[in-house]
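As structure tokens, the structure follows; a few thoughts come after it.
What follows is calculated from the coordinates using simple rules that are stated; it is not laboratory data. No experiment lies behind these values; they were computed from the predicted model shown. Here Cβ is always computed from backbone atoms with ideal geometry, including for glycine, and neighbour counts include all displayed protein chains.
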Amino acid sequence: MLDVDIPSNISTVELAEKLSRVSGVKAVNITVTDTDVEVLGLIIVVEGDGINYDEIRRVIEDSGGAIRSVDQVIAGEYVVEINKYFVREK
Amino acid sequence: MVLIDNRYLVLGFLDSVLTTLVLGDSMPNDARLVFIVTIINLITAFMAEYVEERSSLRHIERQLLMRRGSLLRTSLHRRAIYDALIKGLMFGAVSLVGSAITVLSMGIKVLWIPIIPIVALGSFGTLMSKYFGGNAAFWFILYVILGVIASFTGHVISRL
């Protein structure tokens with residue numbers, strides 16, 4: 001789960017298509033969380049096995065985007081559920 | 001996909017016809033004149049657009065709190081170059097047409113005034129007025145006057 005800012009003239013549809021072509025990616029969800037005149041704030045959720053993060057970053061940066069933070073990463077043989085008590089509401 | 005800017009149709013045609021009218025009588029080599037007008041306009045438009053695009057990228061960098069030049073190796077920068085190139089080529093193509101029409105038809109004159117380019121200018125003014133709902137007669141006359149002044153300037157310069 002990535003917190004990303006991109007220029008508003010970039011198509012989120014195109015970005016989603018590019019991200020879905022990255023090796024290991026099975027699903028992509030891009031949600032616009034903030035809109036400004038020239039900048040869009042996005043939450044990008046990428047799911048899959050053995051995702052190539054460097055390539056994900058390259059695709060986002062090549063589109064003019066900036067990754068502000070990586071908010072969630074899940075790895076291993078099973079999904080570790082987190083107690084909501086530890087998660088501050090954003 | 002780059003949007004074709006109408007200002008380059010107007011600017012390219014007007015600039016090339018008027019420049020050719022001014023320089024036409026002074027330059028014996030017609031093909032060279034068309035070439036010069038086209039190339040200068042192409043390069044000028046490309047550089048002007050590129051500067052504008054770079055300024056826009058810099059503005060986006062500031063908005064995204066990025067370092068200066070961060071967007072230079074991105075698809076945004078490649079698209080900026082592509083857009084500037086397309087607009088430059090379009091300006092060059094319109095200039096080529098305008099300049100070639102003027103050069104090819106400059107032989108038919110009444111006094112110092114080459115009739116066909118001047119009428120072409122007037123017709124272009126009329127077409128332009130239809131685009132924004134202006135007074136067709138006014139724009140026809142305005143463009144004809146511009147053409148007459150340019151050709152008179154060229155006539156005077158050629159006798160210096």
Those residues of the stretch B:40-69 which are within 12 Å of chain A (Cβ to nearest Cβ) and free of Cβ contacts under 8 Å to residues at least 24 places away in the same chain amount to B:57, B:58, B:59, B:60, B:61, B:62, B:63, B:64, B:65, B:66, B:67
Output the residues belonging to the stretch B:69-104 that are among the small types (Gly, Ala, Ser), surrounded by fewer than 21 Cβ atoms within 10 Å (Cβ to Cβ) and under 19 Å from the mean Cα position of the chain (by Cα).
B:93, B:100
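Yes or no, residue by residue, for (1) away from every other protein chain (no Cβ under 14 Å); (2) surrounded by 10 or more Cβ atoms within 10 Å (Cβ to Cβ):
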position	(1), (2)
A:59	no, yes
A:62	no, yes
A:69	no, no
A:76	yes, no
A:81	yes, no
Single condition residue B:74 does not satisfy, out of (1) hydroxyl-bearing (Ser, Thr, Tyr); (2) touching a residue at least 60 places away in the same chain (Cβ under 8 Å); (3) farther than 13 Å from residue B:13 by Cα
(2)
Looking for something crowded, with 16+ Cβ neighbours inside 10 Å and within 14 Å of chain B (Cβ to nearest Cβ) - is there at least one such residue anywhere in the stretch A:19-26?
yes
Answer residue from the stretch B:70-96, given it is among the polar types (S, T, N, Q) and part of a helix (DSSP H, G or I) and is farthest from the other protein chains (Cβ to nearest Cβ) among those:
B:95
Tell me, yes or no, whether the stretch B:5-17 has at least one residue that is within 29 Å of residue B:117 (Cβ to Cβ), out of contact with any Ser or Thr (no Cβ under 9 Å at 6 or more places or on another chain) and not in a helix (DSSP H, G or I).
yes
Does residue B:107 fit the bill of being free of Cβ contacts under 8 Å to residues at least 24 places away in the same chain and either more than 17 Å from residue B:55 (Cβ to Cβ) or in a helix (DSSP H, G or I) (or both)?
yes
